[in-house]
Amino acid sequence: MHLLLIPIWFYGFDTLMYFVSAIVGFFISSKSYKLYSVTRKKPHLYLHLGFMLLSLGLFLSGFVSTYSYVMYKSCIRNCSLSLFDTIFGVEDFGLFLYFGLSILGYSILALAHLPEKTKISSFVLLFILAFSVVMMLVSAPRSELLMWYTYHQYFNLLSVLIVGYILFKVLINFSESRNLVSFLVVLGFSGIFVFHTLHFFSFFNPWMYVFAHLFLITGYLSLLAMLIKVRR
Amino acid sequence: MLLDILASIQKENGKIKKTHLMYRANLTHERLKKYLEMLLLNDFLEESKTGNQTFYILTEKGNKFLMEMRRLKKMSEAFGIPI
């Protein structure tokens, strides 16, 4: 089990970044739904659902970290262990949901990028889902107090793999189209990819956590820039 | 297909004869009728008759819808998902 190292001065900035990223995700989700309502194509539905789930996860993460910081600051001078137990109980549950929603969101986005002729049988999907759940459950007994610290490693590793696939697909698309909006999408997913990679090593150095979040916000701001560029 | 129909009308300065539209959209009479009914129902088009000829006119709402769909198409293509 590794504990995350988060610089105290960074408390709150990460929360803000989660909220901003979630809002951008909701914008993309709503635009994709508009598109799906006209085209009725599955990839557009996947784009809508994927970003919707990611945004819900990021919102949840933002709320959970706000709750943790507020509780932590309120008891910083006179803190009993039971209060920390309550804080981490809430954090545990909230972040566990965030992990689940994000993995589901990334998987659905990956589905949107599969070639149209590819048919993923429900058996394969069920296998991937079951494998993820088993991996999490296997790691659970090793966690004595904070189960999300243990899951954190699996979550980021799994996210790197799935986002890596999406990044590969959008890179191919950019190499063919060579336009600014496609480039901004590549930048967006690159930011998310680096976020999960650096977050994986957050236990190593506090600056990893800071840089990871800077990449997250850069990624989502690139996606926002893409939306603005498309509107012009 | 609905977008193709709206785009064809826009290309003709927002007004087109039914026969021309059938030719441009490459649709049978029956299928075109079905799509036109949908577009008229949503107020994206207006029908006007001059003598024996029927014209279809792109409304403000239809024009805005077409512009929005073009933006969404760009977004979708940026993600590598063609329409």
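Any read-out appearing in this document is the output of simple, stated calculations on the displayed coordinates, not a laboratory observation. Not measured: the values here are computed from a predicted model. Cβ placement follows ideal geometry from the backbone for every residue including glycine, while neighbour counts extend to all protein chains displayed.
The protection proxy used here, the mean number of other Cβ atoms lying within 10 Å of each residue, ranks peptides B:26-32, A:162-168 as follows, highest first: A:162-168, B:26-32. Taken residue by residue and averaged, Cβ atoms of other chains lying within 10 Å of the Cβ of A:31-39 number 5. The listed peptides B:43-56, A:188-201, A:60-73, ordered by packing as a protection proxy, come out as A:188-201, A:60-73, B:43-56 (highest mean of other Cβ atoms within 10 Å first). Per residue of A:42-49, other chain Cβ atoms within 10 Å of the residue Cβ number 2 on average.
Ordering of A:93-103, A:29-39, A:172-182 by packing is A:93-103, A:29-39, A:172-182, highest average first (other Cβ atoms within 10 Å, averaged per residue). Across every pair of non-identical alpha carbons in the protein assembly as shown, the mean reciprocal distance, once inverted, gives a Kirkwood radius of 22.1 Å. Derived scalar couplings between HN and Hα for the stretch B:77-82 equal 5, 5, 7, x, 10, x Hz in order, rounded to whole Hz, by the Karplus curve 6.51 cos²θ - 1.76 cosθ + 1.60 (θ = phi - 60°), x for Gly and Pro.
Taking every residue in A:169-178, how many Cβ atoms of other protein chains lie within 10 Å of its Cβ, on average? Walk me through the numbers on the way to the answer.
Working: counts 3, 4, 1, 1, 6, 2, 0, 1, 3, 0.
Average per residue, whole number: 2.
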